[in-house]
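The values are calculated or read from the model by the stated rules, or taken from the named source; none is laboratory data. No experiment lies behind these values; they were computed from the predicted model shown. Here the Cβ positions follow ideal geometry from the backbone for every residue, glycine too, while neighbour counts run over all protein chains shown.
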Amino acid sequence: MPIGNFYGLSVGTGDPELITVKGLRILRNSPVVAFPSGLQGKPGIAEKIISQWLQPEQILLPLNFPYIQDEQILLNAWEEAAKLVYECLKTGLDVVFACVGDVSFYSTFTYLAQTLRRLYPDVTVVVIPGVCSPMAAAAVLGIPLTVKDEKLAVLPAIYSMSDFETALEWAEVVVLMKVSSVYAKVWKILQQHDLLKSSFIVEKATSEEMVLHPDLTNLSNLKLPYFSILIVQLQSGYF
């Protein structure tokens, strides 16, 4: 029996309609739908995004990915998730893995797909692109992310604080992903460079809980959720 295909499905940043036509077709036609499990028994973000598109007969497969940085624990989690996915694939069932944002952009899917390929080389992995958070954030702010020949720097904030000021020197637009844990440090750097008025934060872009902060001047003590993104424009005046 041929094994099923494993699909990495980008479901956007919160709005259920930010899934592509192709992605929706594959989601509806896949007998098994996997996604990162939520915390404390609650539905995860990806699960909530796709819930209205699911079919009653589909098998749901929540997968546990701990929110920690211990490499060995993470490796064990990837391997356990890959084994659960393969149990479905080897029976001939296609499995679609729904992931927030775009599956190729700082995504949980990347690690799962790499592990699956390593453990089971016969698996076919198909990637379905979608909307990632910098594009979604720029859209809801009503600003262009880049124009003309502007250079764009995208940094994962928790790992790249040492690179932030360097990026401000050579890029015209700087994006910090998941800025919440380092916001106080970032705010001081923006203040030193007189960039608070041209910096924007979007919490939970395109979701029902979305909050916009288009001017950070008086927001030094802002408390942000995990899914918060910062866009810094070193040039302004487009509109």
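Considering only the range 11-26, state which residues are surrounded by 22 or more Cβ atoms within 10 Å (Cβ to Cβ) and of a type in the set (A, V, I, L, M, F, W, C). Val11, Ile19, listed by residue number.
It is to be established whether one or more residues within the range 21-38 are within 20 Å of Pro156 (Cβ to Cβ) and out of contact with any Asp or Glu (no Cβ under 9 Å at 6 or more places or on another chain). Please lay out each step first, then the result.
Going through the range 21-38, the residues within 20 Å of Pro156 (Cβ to Cβ) turn out to be 36.
From what is left, the residues that are out of contact with any Asp or Glu (no Cβ under 9 Å at 6 or more places or on another chain) are none.
Within the range 21-38, none of the residues are within 20 Å of Pro156 (Cβ to Cβ) and out of contact with any Asp or Glu (no Cβ under 9 Å at 6 or more places or on another chain).
Screening Lys148 with (1) on the phi < 0 side of the Ramachandran plot; (2) loosely packed, with under 14 Cβ neighbours inside 10 Å; (3) not aliphatic (A, V, I, L, M) gives one miss only, at (1). For the range 186-218, enumerate the residues that are under 25 Å from the mean Cα position of the chain (by Cα) and either polar (S, T, N, Q) or in a loop (DSSP other than H, G, I, E, B) (or both). Answer for the range 186-218, where residues must be under 25 Å from the mean Cα position of the chain (by Cα) and either polar (S, T, N, Q) or in a loop (DSSP other than H, G, I, E, B) (or both): Ser198, Ser199, Lys204, Ala205, Thr206, Ser207, Glu208, Glu209, Met210, Pro214, Asp215, Leu216. Would you please name the residue that is modelled with the lowest pLDDT, looking only at residues in the range 200-228 that are among the hydrophobic types (A, V, I, L, M, F, W, C) and under 25 Å from Thr108 (Cα atoms)? Checked the range 200-228; the qualifying residue modelled with the lowest pLDDT is Phe227.
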